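Below is one structure, written out as structure tokens; the observations come after it.
The values are calculated or read from the model by the stated rules, or taken from the named source; none is laboratory data. Quick caveat: nothing in here was measured; it's all calculated off a predicted structure. Note that we place each Cβ from the backbone using ideal geometry, even for glycine, and neighbour counts take in every protein chain shown. Just so you know, the surface numbers come from the protein's heavy atoms only, side chains and all, with ligands and any DNA or RNA stripped out. Shrake-Rupley method; radii C 1.70, N 1.55, O 1.52, S 1.80 Å.
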Amino acid sequence: MGLSRVRAVFFDLDNTLIDTAGASRKGMLEVIKLLQSKYQYKEEAEIICDKVQVKLSKECFHPSNTCITDLRTSHWEEAIQETKGGAANRKLAEECYFLWKSTRLQHMTLAEDVKAMLTELRKEVRLLLLTNGERQTQREKIEACACQSYFDAIVVGGEQEEEKPAPSIFYYSCDLLGVQPGDCVMVGDTLETDIQGGLNAGLKATVWINRNGTVPLKSSPMPHYIVSSVLELPALLQSIDCRVSVSA
């Protein structure tokens, strides 16, 4: 790590600043209620939602072939057909998808303490939101949690040629803020994208948000710092800057 002070912090969005996983679970619970009460899918409802969850985790999206709405409606359509048999039911799949999506977005909020932290940090350093994912999906989340005003710039992977962990998206982010990679810290919850990307781009430091105390695989990229909550960041940044002062 270089001897300059931290000038910019890049934040991941999902499960770093907002609880995307929790919001998604709440969406699934609403769909289970719908399937059980309106369609009498008693035990099948949970099976369908579990299948969709697996499909989402393995999702490969190619904007040239389809739109994200069609792709995700198809996840529901396939899961319903795999569980219930019979003809495909696109109408029910659409109803499930839009209920899951709208519930999920309602629960994507920036907590008050996170807003306060971002507001304070921005007095000292420049802040950039750096999120992977399909353009429409990520922009809807950004809109839902109303986080635009807390950042100097927002970069969505699906709008760039390459996503994290490619160095190019980090260099693009640096250019937007007028800083060097050695001035920047990347904060995120995913070792393979956030941390590996920060290391690939030669950032000053990487900070892994490890909420559940997960033990990473030996083959995983090694972050410079590990915290259990994003709220620990201001104190950590201070200690990084103190080390710079001492070294200088």
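Residues in region 48-83 that are at pLDDT below 95, open to solvent by 60 Å² or more (accessible area, probe 1.4 Å) and either in contact with a helix residue (DSSP H, G or I) (Cβ under 7 Å, 6 or more places away or on another chain) or assigned to a helix (DSSP H, G or I) (or both): Ser57 alone. For region 90-100, give me each residue that is open to solvent by 60 Å² or more (accessible area, probe 1.4 Å) and either of a type in the set (Gly, Ala, Ser) or more than 25 Å from Gly22 (Cβ to Cβ) (or both). Scanning region 90-100 gives Arg90, Lys91. Restricting the first member to region 14-31 and to residues that are over 12 Å from Leu105 (Cα atoms), and the second to residues that are among the small types (Gly, Ala, Ser), the beta-carbon pairs closer than 6 Å and six or more apart or on different chains are Asn15/Ala21; Thr16/Gly188. Can you find a residue in region 201-222 that is open to solvent by 20 Å² or more (accessible area, probe 1.4 Å), in a helix (DSSP H, G or I) and at negative phi? Checking region 201-222: not a single residue is open to solvent by 20 Å² or more (accessible area, probe 1.4 Å), in a helix (DSSP H, G or I) and at negative phi. Total residues in region 152-198 satisfying the condition of being among the aromatic types (Phe, Trp, Tyr), open to solvent by 10 Å² or more (accessible area, probe 1.4 Å) and in contact with a helix residue (DSSP H, G or I) (Cβ under 8 Å, 6 or more places away or on another chain): the figure is 1. From the list Thr103, Thr119, the lone residue that is open to solvent by less than 50 Å² (accessible area, probe 1.4 Å) and out of contact with any Cys (no Cβ under 6 Å at 6 or more places or on another chain) is Thr103.
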